[in-house]
Protein chains: 2
Amino acid sequence: MAMNGAESLVRTLVAGGVEVCFTNPGTSEMHFVAALDRVEGMRAVLCLFEGGATGAADGYARMADKPASTLLHLGPGLGNGIANLHNARRARSPLVNIVGEHATYHRAFDAPLTSDIEGLARPVSAWVRTGLSARDVARDGADAIVAARTAPGGVATLILPADTAWEEGTGIAPTPAIPERARADDEAIAHAAAALRSGEPAVLHLGDRAVRGEGRRIAARIARKTGAKLLAMTSNARIDRGAGTVPIERLPYPVDPARETLAEFRHVILVGATLPVAFFAYPGKPSALAAPTADVFALATPEQDQIDALERLAAAVGAEAEPEVAPARRPELPTSDRLDPDAVGLVLGALIPEGAIVCDESVTTGRNFFPATHGAAPHTWLQLTGGSIGLGIPMATGAAVACPDRKVIGLQADGSALYTAQALWTQARERLDVVTLIWSNRSYAILRAELANVGANPGRKAIDMLTLDDPPIDWISLARGYGVGARRVETLPDFIAAFRDALKQRGPALIEVAL
Amino acid sequence: MAMNGAESLVRTLVAGGVEVCFTNPGTSEMHFVAALDRVEGMRAVLCLFEGGATGAADGYARMADKPASTLLHLGPGLGNGIANLHNARRARSPLVNIVGEHATYHRAFDAPLTSDIEGLARPVSAWVRTGLSARDVARDGADAIVAARTAPGGVATLILPADTAWEEGTGIAPTPAIPERARADDEAIAHAAAALRSGEPAVLHLGDRAVRGEGRRIAARIARKTGAKLLAMTSNARIDRGAGTVPIERLPYPVDPARETLAEFRHVILVGATLPVAFFAYPGKPSALAAPTADVFALATPEQDQIDALERLAAAVGAEAEPEVAPARRPELPTSDRLDPDAVGLVLGALIPEGAIVCDESVTTGRNFFPATHGAAPHTWLQLTGGSIGLGIPMATGAAVACPDRKVIGLQADGSALYTAQALWTQARERLDVVTLIWSNRSYAILRAELANVGANPGRKAIDMLTLDDPPIDWISLARGYGVGARRVETLPDFIAAFRDALKQRGPALIEVAL
């Protein structure tokens, strides 16, 4: 069957299991758009801004465990998507990132939109390729799928010159088999087993696949047998949690509490987690968070099969029995009028519905939400992995596309929400079942604390750089502008009532919560 | 006087004439923020999104003819600023782009926000440097100013590790002299003079400094003497125009009319203009727009002194007399009810107030605004230079900061406005005198035409990718969300009345114009 490069590529993506394309196209991508039109099996989701597309693709990948594609417009379009590609890179989300480019012969003319797209793509991509011809572009697409899905998962950027889209293609290219995850070394299992048998304080520091449901269950068996503690990373791509799952705390974000948490451990056993390090450097404080004398080592890296490694470690230490999981204790709804982060945490614990997907970009407001929701109905929790704010609303959008039957709840700091609020429009357009809770403190609250942390002594001009109250952002109007109904609540009973209403209805809603 | 690196840098910037910083800071920039606090002479303008900061710095530079600085947060913050840095690069706007980075010793720990900032910066920067120590950072800042201001002007990116900000600095570093623009070659002048004397059809294709007021006057003398035509580039960083100035048309954006415009010319003399090339490639159409047999050459490149070159060429062809400039004919206000782009052009021609700065990101709607405004009151017109949409509202913001006594008028396509509408908030916060006219056609109108241009035959799914009507964007609510008053007009008399009201008041306003 004769088809052009664009259609060969789209059909290859569909055949390779890529079913969604988050798009913000321009002229150079028109043949790809036309191909989306002709091909069954690829849902095209329009975004108003590229950060919405890349963040949605990240959220989709975390829930679907497979890549969506994006469609971005040359270097500047990629630029707008970089912040959330950075988060996707840190989440190790598989993602086929398609960036349009001028026709191969046109690039030498340095037209206004010309730029070094590969240069922009490399810092956020595990794999980058520029298509050379329409004959090869289907195979390029298949290679991109493999690159995105090969453990630990990553952003595969395929740059698509317009003529490789519009010239005659070669049809569907088969997607090669995805390589299996490598097994952890026997030496690492033996080392961890010895550490756990030593009787010295040890912690299993869990990240990536090890921190989801299954990994945590095995880790809890090991902990019960050996006395080791369990600790999740500060930021995790995905944790399936709530009633019936093993509760786990996270390494605190601030440096001093993080160091205190780790101080007691002689052995820090990383399972899918990276080295525990400070998010930022501070004058006079160390970057590494474990005790200087601790033995910090990887049982299994994010690239490796962490579940297998945990099973082998469990066998090595004789931890065969299932762990006892404490019965879920769903918090009671708080009864005071006071609307503060602690009360919000209790409300979440009480009201999160079964199967909900929580997309957490709460920043300062949400630091205590985890303990309050251990006993909530079973749900999935997605976090900001790369520290690049502006992920929350797009991530919720993508998660809702991946899981149309699950309620998505966005926990959203107000300053962060302002980077990519356009994604609300995509939620309205696609009738996605997302309720976004905006923590409206009208400041970059984290920076007020950080300004103190770095020892700076701020005056009026500095404080002005951290406040959003002049003029105040009116979230009800912003949400309406994008077609999403919204209300503002200022008391706890009003918050509870509004949240309950939003959970009952289907489709997007936003609640501005005055904190 | 003892001061840390951040304060040394800020004082160096102020001493070097950098008076404004468009900021969107994070933790790693807190010492710089604190230094802004302590130092007189640097206005700090907070932006909600980095593309607002970089676009504002571009608009500021075009009007002030000197750099502002930015303050962005690590790689992802730079990423969000890249699209408008691309436009600034194409406008050759001087810009000191300051990007915070982890402390030098912290980078090796690969904390979540770590990325290759230099790699991201290079494609949009004329100069990139990462600070190595607090002792050198003031000199780095002075070097950045020189790099930004050296002809033709560009983005100088200074990456600022946190410890180079917080450690002991060395005080103000003097800014070296900015190199003079190089003079055009005598051979180029002689070649152009010969071409103009040949009697064969010739065009002076003007860009950069040559297209502003003074260059255009000299070029018009030459044209009057020799019969050459004048033609501006399709997109220009800045043209000072209106009554009393030399009217000039632009090379059309679409390929076929552009080729027709240039077809007659045997000599295409570039003065500050780059090679006339198609914005995008299209199947079966050439990239170069001049006739294949034409002699296309540079009298003066953007790096060179274009005014001097024009003066020398004028002398060589004996064009000493001042050109006759036709008396300005301000268009009458149209009297019909029909609200369409042609009527809007006439309204602009009639109502643009003297000294206004027009920031034009009209895209399809504005293609005929130029002829209708040749006779308007004297004003300045800024265009989208790099094709990266989402510049308009930020550029207007920066222009208003640079010129507080001039009315700024934003001509704004709706699809493009949605990339960086957050800049409206900065307009409200800083009480900037900007009226934004949103051309609300609720579609990516340019892409509907482009889809036809590339020969694709779209269906429902493709058309859906180009429309913004489900749900419709409600610009009145969006603007209110950011603290800017707004109204929507659907008839020509209402548009005229609303525009007149907005011109009379001071401070930001937005009018959604239904087209």
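The values are calculated or read from the model by the stated rules, or taken from the named source; none is laboratory data. Note that this is a predicted model, so its numbers are computed, not measured. A quick note on method: Cβ atoms are made from the backbone with ideal geometry, for glycine too, and the neighbour counts reach across all protein chains shown. Quick note on the areas: whole protein, heavy atoms, side chains included, nothing else; ligands and nucleic acids left out. Shrake-Rupley method; radii C 1.70, N 1.55, O 1.52, S 1.80 Å.
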field: Boolean, residue B:190 is among the aliphatic types (A, V, I, L, M), surrounded by fewer than 20 Cβ atoms within 10 Å (Cβ to Cβ), over 19 Å from the mean Cα position of the chain (by Cα) and at pLDDT 95 or above
entry: yes
Selection count, the range B:47-90, where residues are farther than 20 Å from residue A:78 by Cβ and touching a residue at least 60 places away in the same chain (Cβ under 8 Å): 13
query: Does any residue of the range A:489-500 turn out to be of a type in the set (Ser, Thr, Tyr), in the same structural domain as residue A:369 (by TED's automatic domain parsing), buried (at least 23 other Cβ atoms within 10 Å of the Cβ) and on the phi < 0 side of the Ramachandran plot?
result: no
message: Among the residues in the range B:377-387, are any more than 21 Å from the chain's Cα centre (by Cα) and either outside the structural domain of residue B:484 (by TED's automatic domain parsing) or assigned to a loop (DSSP other than H, G, I, E, B) (or both)?
response: yes
- request: Kindly indicate whether residue A:421 is open to solvent by less than 10 Å² (accessible area, probe 1.4 Å), more than 14 Å from chain B (Cβ to nearest Cβ) and within 22 Å of residue B:481 (Cα to Cα).
  value: no
message: Kindly evaluate residue A:171 against the criterion of being on the phi > 0 side of the Ramachandran plot, of a type outside the set (Asp, Glu) and away from chain B (no Cβ under 14 Å).
response: yes
Count - residues of the range B:297-332 that are at pLDDT 95 or above and over 26 Å from the mean Cα position of the chain (by Cα): 9
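Please work out which residue is nearest to residue B:405 (Cα to Cα), limiting yourself to the range B:28-49 and to residues that are open to solvent by 10 Å² or more (accessible area, probe 1.4 Å) and in a helix (DSSP H, G or I).
For the range B:28-49, the residue satisfying everything is B:37.
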Selection count where residues are under 17 Å from residue B:416 (Cβ atoms) and surrounded by fewer than 24 Cβ atoms within 10 Å (Cβ to Cβ), scope the range A:50-86: 0
message: If I filter the range B:433-453 for residues that are facing another protein chain (nearest Cβ under 7 Å), at pLDDT below 85, open to solvent by less than 10 Å² (accessible area, probe 1.4 Å) and not in a loop (DSSP other than H, G, I, E, B), do I get at least one hit?
response: yes
- prompt: Do you know which residues across the range B:89-122 are of a type in the set (Lys, Arg) and either buried (at least 21 other Cβ atoms within 10 Å of the Cβ) or modelled with pLDDT under 95 (or both)?
  reply: B:89, B:90, B:92
task: For the range B:466-483, indicate whether the set of residues that are within 14 Å of chain A (Cβ to nearest Cβ), among the hydrophobic types (A, V, I, L, M, F, W, C) and in contact with a His (Cβ under 8 Å, 6 or more places away or on another chain) is non-empty.
output: no
message: Of the residues B:40, B:101, B:19, only one is acidic (Asp, Glu) and closer than 27 Å to residue A:90 by Cα; which?
response: B:101
Any chance residue B:400 is more than 7 Å from chain A (Cβ to nearest Cβ) and under 30 Å from residue A:39 (Cβ atoms): no
task: Inspect the range B:125-133 for any residue being crowded, with 23+ Cβ neighbours inside 10 Å, within 24 Å of the chain's Cα centre (by Cα) and either within 14 Å of another protein chain (Cβ to nearest Cβ) or closer than 20 Å to residue A:82 by Cα (or both) and give the result as yes or no.
output: yes
query: Quick one: in the range A:285-315, which of the residues that are among the small types (Gly, Ala, Ser), assigned to a loop (DSSP other than H, G, I, E, B) and within 14 Å of another protein chain (Cβ to nearest Cβ) is surrounded by the fewest Cβ atoms within 10 Å (Cβ to Cβ)?
result: A:287
- prompt: Which condition breaks for residue B:282 when tested against (1) open to solvent by less than 20 Å² (accessible area, probe 1.4 Å); (2) away from every other protein chain (no Cβ under 14 Å); (3) assigned to a loop (DSSP other than H, G, I, E, B)?
  reply: (2)
query: Taking the range B:501-515 only, how many residues are more than 21 Å from residue B:399 (Cβ to Cβ) and either open to solvent by 40 Å² or more (accessible area, probe 1.4 Å) or touching an Asp or Glu at 6+ places or on another chain (Cβ under 6 Å) (or both)?
result: 3
query: So residue B:411 clears everything in (1) assigned to a helix (DSSP H, G or I); (2) open to solvent by less than 10 Å² (accessible area, probe 1.4 Å); (3) more than 8 Å from every other protein chain (Cβ to nearest Cβ) except one condition, right? Which one?
result: (1)
- request: Identify, by number, the condition in (1) surrounded by fewer than 20 Cβ atoms within 10 Å (Cβ to Cβ); (2) within 30 Å of residue B:63 (Cα to Cα); (3) within 24 Å of the chain's Cα centre (by Cα) that residue B:255 doesn't meet.
  value: (2)
Failed condition for residue A:420, given (1) part of a loop (DSSP other than H, G, I, E, B); (2) out of contact with any helix residue (DSSP H, G or I) (no Cβ under 6 Å at 6 or more places or on another chain): (2)
- prompt: Does at least one position in the range B:10-17 carry a residue that is hydrophobic (A, V, I, L, M, F, W, C), at pLDDT 95 or above, surrounded by fewer than 23 Cβ atoms within 10 Å (Cβ to Cβ) and assigned to a loop (DSSP other than H, G, I, E, B)?
  reply: no
query: Just checking, how many residues over the range A:388-407 are part of a loop (DSSP other than H, G, I, E, B), within 10 Å of the chain's Cα centre (by Cα) and under 17 Å from residue A:352 (Cβ atoms)?
result: 0
message: Any residue that is more than 13 Å from chain B (Cβ to nearest Cβ) and among the hydroxyl-bearing types (Ser, Thr, Tyr) - is there at least one of those in the range A:53-63?
response: yes
message: So, residue B:335, is that one surrounded by fewer than 24 Cβ atoms within 10 Å (Cβ to Cβ), out of contact with any His (no Cβ under 9 Å at 6 or more places or on another chain) and without any contact (Cβ under 8 Å) to a residue 24 or more places away in the chain or not?
response: yes
statement: Pairs returned, first residue in the range A:22-35 that is more than 18 Å from residue A:75 (Cβ to Cβ), second residue that is surrounded by 24 or more Cβ atoms within 10 Å (Cβ to Cβ) and of a type in the set (Ser, Thr, Tyr), beta-carbon separation under 8 angstrom, 6 or more apart or interchain, are A:22/A:54; A:22/A:60; A:22/A:69; A:22/A:70
- line: Just one listed residue, out of B:76, B:67, is part of a helix (DSSP H, G or I), outside the structural domain of residue B:397 (by TED's automatic domain parsing) and out of contact with any Lys or Arg (no Cβ under 6 Å at 6 or more places or on another chain), and it is B:76
